[in-house]
Amino acid sequence: MAYSDKVIEHYNNPRNVGSLDKKDPNVGTGLVGAPECGDVMKLQMKVNPDTRIIEEAKFKTFGCGSAIASSSLATEWVKGKTVEEALAIKNTDIVRELSLPPVKIHCSVLAEDAIKAALSDWKKKQGDAEAKPAEPATAASH
Amino acid sequence: MAIKLPIYMDNHATTPVDPRVLEAMLPYFTEKFGNSASRNHEFGWVAEEAVENARGQIAKLINATPKEIIFTSGATESTNLAIKGAAEMYREKGNHIITQVTEHKATLDTCKRLEKYGYEVTYLPVQKDGRISLDELRKAITPKTILISIMYANNEIGVVQPIAEIGKIAKEKGIFFHVDGVQAVGKIPVDVQKDGIDLMSISGHKIYGPKGIGALYVRRKNPRVQLAAIIDGGGHERGMRSGTLNVTGIVGLGKACEICQNEMAAESEKLRKLRERLTERIMSRLDETFINGSMEHRLPHNINISFAFVEGESLLMGINDIAVSSGSACTSATLEPSYVLKALGVGEDLAHTSIRFGIGRFNTAEEVDYVADRVVETVQRLRELSPLYEMAKEGVDVSKMTWQTAAEH
Ligand SMILES: Cc1ncc(COP(=O)(O)O)c(C=O)c1O
């Protein structure tokens, strides 16, 4: 199967690879997927508690090229956004940007899940009253 | 010597046509184009002679007689003919077939269809090394068993089954024995007499012959095997497979077998050395790598390695100037990794990280070194990207974690 140029570009030059300190109260960590399904994404964001702006984002992904590209793109997109703006990112935005074929849509779903999971972890750490567990996007397409 | 890219190292999927095979085939496209069934002119006789010559070349390679070779369009058809043809012919005798779980789909799906028509099929499990247990085979046999179908060697892990032992059991019990010989014939010694084989599928394109040609060995003596045809028509191939013979393909298959016969001993030794070189050069430089399937009972040119914490498809993407295959199936709707590796008890997590290398006649030591270096470098790069590798290095047992979204998949 041929990959889109954007997927190849992210795969070859992934943005924001790495890890942030899980114990930092301003860092939210999302770990989604499962090794037996062939994809696991870890997405971490450092959020400024006053401005609620995401100042740093890092990822590590086990998965196919599209999964790597989806998470790399997600880190690029969330940086500089507020928590609320980041939560508004939809997997379909990722599909469009990376021209993912139907069989790879689950990669974008996982990236959306990872953003939600990381921010829900951050909110929990902040003792945020609104904190609720990450709601997976369209789980049925997994 | 400079290496030419991309490098092809997926010789279980298919092989290039050997130039000597092509050369043998060429005249039969143009000046010797006759129909081998034309009995009353020179064109037909020439074609027929070429077909009979090829029958002899194939028979010789597997220690059969020329009359026992039936030409087909490939091993998928051969296997369909063997299993369906025997099932129909011997329906009175019984309706039970025994096969095993790591067979090619040509066998598994043929058996599944027969189940719809009232046949019963036992799918034997395999052991950790990829081989069936002879005890389990004995236990599975019933008075209704008419056919045992077991592959000689597996196309993913190269594991060679105990064929001669199975043949002995089949003979003892008066059951026909079909073998999918696609990956073994021409690569390791296969002898239908010593191995007690009654039916065997062969494919041209796995042995440096053309695609679209195959053969079925059908035993004529001790015991004589009869098959109901699945393709009816002009009664070619003793009524077992109608249709004008693919003379060019047949000439190519014959020549391919002759070359294998002459060169197998030296070639398999060369490939074994290259395989060892590849394995050593990869595994000595990476931790957490695992070989899938028996090393003792294995085709000389196959190695199948799991690179823990690196998903197979992403690895293939990183080595895109090399053609190999992955046991991962991120593209399939089910996200199911290789059923062969699962049958061996390889965890799904590790099955997703597996790569199959099939070294072939035209690979060189320089290519092997290049492939090994590219694999090592790409695995290292992807492990830097892998949250699982990071967790494993921190001492987390990844296999014991519960995964948040696992239930939804
Ligand atoms: C073990 C095995 N059996 C059967 C087949 C089918 O052979 P063919 O492509 O000639 O139909 C293959 C090849 O894909 C194979 O590897």
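The values are calculated or read from the model by the stated rules, or taken from the named source; none is laboratory data. Given the structure is predicted, the values throughout are model-derived calculations rather than measurements. Backbone-built Cβ (ideal geometry, glycine too); neighbour counts: all protein chains shown. These area figures cover heavy atoms from the full protein model, side chains too; ligands, DNA and RNA do not enter into them. Shrake-Rupley method; radii C 1.70, N 1.55, O 1.52, S 1.80 Å.
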Single residue of the stretch A:31-51 satisfying the filter (within 9 Å of chain B (Cβ to nearest Cβ), in contact (Cβ under 8 Å) with a residue 12 or more places away in the chain and at negative phi) that is surrounded by the fewest Cβ atoms within 10 Å (Cβ to Cβ): A:L31
Filter result (open to solvent by less than 10 Å² (accessible area, probe 1.4 Å) and of a type in the set (G, A, S)) within the stretch B:107-149: B:G130, B:S149
Within the stretch B:158-180, considering residues that are within 11 Å of the ligand (Cβ to nearest atom) and in contact (Cβ under 8 Å) with a residue 60 or more places away in the chain, the one nearest to the other protein chains (Cβ to nearest Cβ): B:G158
Verdict on B:F357 being surrounded by fewer than 16 Cβ atoms within 10 Å (Cβ to Cβ) and under 30 Å from B:T107 (Cβ atoms): no
The listed residue being touching a helix residue (DSSP H, G or I) at 6+ places or on another chain (Cβ under 8 Å), under 24 Å from B:I197 (Cβ atoms), surrounded by fewer than 22 Cβ atoms within 10 Å (Cβ to Cβ) and touching a residue at least 40 places away in the same chain (Cβ under 8 Å), out of B:K60, B:K93: B:K60
The stretch A:80-100 - residue that is within 16 Å of A:H10 (Cα to Cα) and touching a residue at least 40 places away in the same chain (Cβ under 8 Å) and, of those, nearest to the other protein chains (Cβ to nearest Cβ): A:L100
Sole residue being part of a loop (DSSP other than H, G, I, E, B), open to solvent by less than 10 Å² (accessible area, probe 1.4 Å), within 12 Å of the ligand (Cβ to nearest atom) and at pLDDT 95 or above, chosen from B:G249, B:G209: B:G209
Qualifying residue in the stretch A:52-59 (condition: buried (at least 23 other Cβ atoms within 10 Å of the Cβ), at the interface with another protein chain (Cβ under 9 Å from one of its Cβ atoms) and in a strand (DSSP E or B)): yes
Test: residue in the stretch B:112-130 that is within 20 Å of B:R224 (Cβ to Cβ), not aliphatic (A, V, I, L, M) and not in a helix (DSSP H, G or I): no
In the stretch B:58-78, the residues that are assigned to a helix (DSSP H, G or I) and either in contact with a Gly (Cβ under 9 Å, 6 or more places away or on another chain) or within 16 Å of the ligand (Cβ to nearest atom) (or both): B:I58, B:L61, B:I62, B:P66, B:A75, B:T76, B:E77, B:S78
Failed item in (1) within 16 Å of the ligand (Cβ to nearest atom); (2) at positive phi, with B:R131 passing the rest: (2)
Matching residues, the stretch B:79-111, being of a type in the set (D, E, K, R) and either in a helix (DSSP H, G or I) or within 16 Å of the ligand (Cβ to nearest atom) (or both): B:K84, B:E88, B:E103, B:K105, B:D109
Only listed residue being farther than 21 Å from B:G34 by Cα, within 14 Å of the ligand (Cβ to nearest atom), of a type in the set (S, T, N, Q) and touching a residue at least 40 places away in the same chain (Cβ under 8 Å), chosen from B:Q226, B:Q183, B:Q193: B:Q183
Within the stretch A:69-115, tally of residues that are in contact with a Phe, Trp or Tyr (Cβ under 9 Å, 6 or more places away or on another chain), open to solvent by 10 Å² or more (accessible area, probe 1.4 Å) and under 22 Å from B:L385 (Cα atoms): 1
